[in-house]
Amino acid sequence: MKKYTLLLFLSVAFTGLTTAQTHLEFSHYKAYNKVEFDYTILTPENYDKNKAYPALFAFSSGDQGREAIEWAAKHMWGVEKSQDWLIILPTIPEQSWHTHPSHHALEAFLDQIKKDYNIKDKTFHLAGFGEGSRAAITYANMSNAYFSSLTVANPNPWSRWEDRDLKRWTQRNKHIPVRILVGEKDKTGLEVAQRVEHILGGGGISLDLVVLEGEGEHLNGLQGGRFLAEVEHTAGL
């Protein structure tokens, strides 16, 4: 069933990340195929390694380097202390995310994360903001066995997809609910989103198209933890 939602934002002040997370610590991952990237994982304040947490893998906007990740952690995922998620934020590898070596490296990385952390249902939720939406859309399709929901705040990467490609999506990814966030004033993005909604929603994908009232392309209203609330809607949490 196709769905359409119109939201009016109110600015909400959040307390931000816990003190331990205001200065991010990055780890380095090197895959078997020599693809390398840095990453950080945001955890709840009272993180318990024996408890299973929902896990979000999020591609950031901008150049997806360390500074972009730090900005995203503070502004996009700045959640209250009670938030009960693991949020995995990777930098972009030298090869970019859009190569087969990077694709295989990402899957190996996710397998390692599942060994190191207690991931709820052994699956990841996927999100992309700005430029990161392209990678999120790509991996939801290419690595669909790893992901159980997709939330994108920028539908424009789908403009490169032909109708037949979107129809193939409906055959491959029926288990992945999709939530598309687009600004009311982003006319190009809205046209793309409505086309995707028509084909994916009409093909049996659970899809929400959320049009943000008064917003343009940059979706500033998603800052302060609001994007995570949208992810929770997609994930059914």
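The values are calculated or read from the model by the stated rules, or taken from the named source; none is laboratory data. Only a predicted model underlies this, so the values are computations on that prediction, with no experimental measurement involved. Neighbour counts run over all protein chains shown; Cβ positions are idealised from the backbone, glycine included.
I want to confirm something. Restricting to the range 75-102 and keeping residues that are part of a helix (DSSP H, G or I) and at pLDDT below 85, which single residue is surrounded by the fewest Cβ atoms within 10 Å (Cβ to Cβ)?
Start the filter on the range 75-102 by keeping residues that are part of a helix (DSSP H, G or I), which leaves 75-76, 100-102.
Remaining after also requiring at pLDDT below 85: 75-76.
Values: H75: 17, M76: 26.
Only one residue fits best here, namely H75.
What is the one condition in (1) more than 15 Å from the chain's Cα centre (by Cα); (2) buried (at least 23 other Cβ atoms within 10 Å of the Cβ); (3) closer than 19 Å to Q64 by Cβ that L212 does not satisfy?
(3)
Just give me the residues in the range 86-103 being in contact with a Phe, Trp or Tyr (Cβ under 8 Å, 6 or more places away or on another chain) and over 12 Å from K30 (Cα atoms), in sequence order.
L86, I87, I88, L89, P90, T91, I92, W97, H103
Can you name the condition, by its number, that V152 falls short on among (1) under 30 Å from N50 (Cβ atoms); (2) within 11 Å of the chain's Cα centre (by Cα)?
(1)
Applying the selection to the range 198-225, what residues are farther than 25 Å from D163 by Cα, assigned to a helix (DSSP H, G or I) and in contact with a helix residue (DSSP H, G or I) (Cβ under 9 Å, 6 or more places away or on another chain)? It would help to see each step written out before you state the result.
Of all residues in the range 198-225, those farther than 25 Å from D163 by Cα come to 212-216, 218-225.
Applying the additional criterion that residues be assigned to a helix (DSSP H, G or I) yields 220-222.
Result: L222, single match.
With a cut-off of at least 3 residues that are among the β-branched types (V, I, T) and either surrounded by fewer than 19 Cβ atoms within 10 Å (Cβ to Cβ) or modelled with pLDDT of 95 or more (or both), name the helices (runs of 4 or more DSSP H) lying wholly within the range 109-197. Quick ask: steps written out before the conclusion?
Details: elements: 132-142, 163-172, 187-196.
Passing ranges, in order: 187-196.
This table checks each residue for (1) free of Cβ contacts under 8 Å to residues at least 40 places away in the same chain; (2) under 21 Å from D38 (Cα atoms); (3) touching a Gly at 6+ places or on another chain (Cβ under 8 Å).
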| site | (1), (2), (3) |
| --- | --- |
| D111 | yes, yes, no |
| D116 | yes, yes, no |
| G128 | no, yes, no |
| N144 | yes, no, no |
| W158 | yes, no, no |
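Yes or no: the range 9-27 includes at least one residue that is within 21 Å of P157 (Cα to Cα), at pLDDT 80 or above and either over 20 Å from the mean Cα position of the chain (by Cα) or crowded, with 17+ Cβ neighbours inside 10 Å (or both).
So the first thing to find is which residues in the range 9-27 are within 21 Å of P157 (Cα to Cα), and the list is none.
No: the range 9-27 contains no residue that is within 21 Å of P157 (Cα to Cα), at pLDDT 80 or above and either over 20 Å from the mean Cα position of the chain (by Cα) or crowded, with 17+ Cβ neighbours inside 10 Å (or both).
Which of the residues that make up the range 58-74 are surrounded by fewer than 17 Cβ atoms within 10 Å (Cβ to Cβ) and at negative phi? Write out each step before concluding.
We begin by selecting, within the range 58-74, every residue surrounded by fewer than 17 Cβ atoms within 10 Å (Cβ to Cβ); these are 62-63, 65-67, 71, 74.
Correct list: D63, G65, R66, E67, W71, K74.
Going residue by residue through the range 34-42, is there one that turns out to be within 19 Å of E230 (Cβ to Cβ), assigned to a loop (DSSP other than H, G, I, E, B) and modelled with pLDDT of 75 or more? Spell out the reasoning first.
Keep residues of the range 34-42 that are within 19 Å of E230 (Cβ to Cβ), which gives 42.
From what is left, the residues that are assigned to a loop (DSSP other than H, G, I, E, B) are none.
Checked the range 34-42: no residue is within 19 Å of E230 (Cβ to Cβ), assigned to a loop (DSSP other than H, G, I, E, B) and modelled with pLDDT of 75 or more.
Of the conditions (1) surrounded by 18 or more Cβ atoms within 10 Å (Cβ to Cβ); (2) over 17 Å from A140 (Cβ atoms); (3) in contact with a helix residue (DSSP H, G or I) (Cβ under 9 Å, 6 or more places away or on another chain), L106 clears all except one; give me its number.
Unmet for L106, out of (1) surrounded by 18 or more Cβ atoms within 10 Å (Cβ to Cβ); (2) over 17 Å from A140 (Cβ atoms); (3) in contact with a helix residue (DSSP H, G or I) (Cβ under 9 Å, 6 or more places away or on another chain): (2).
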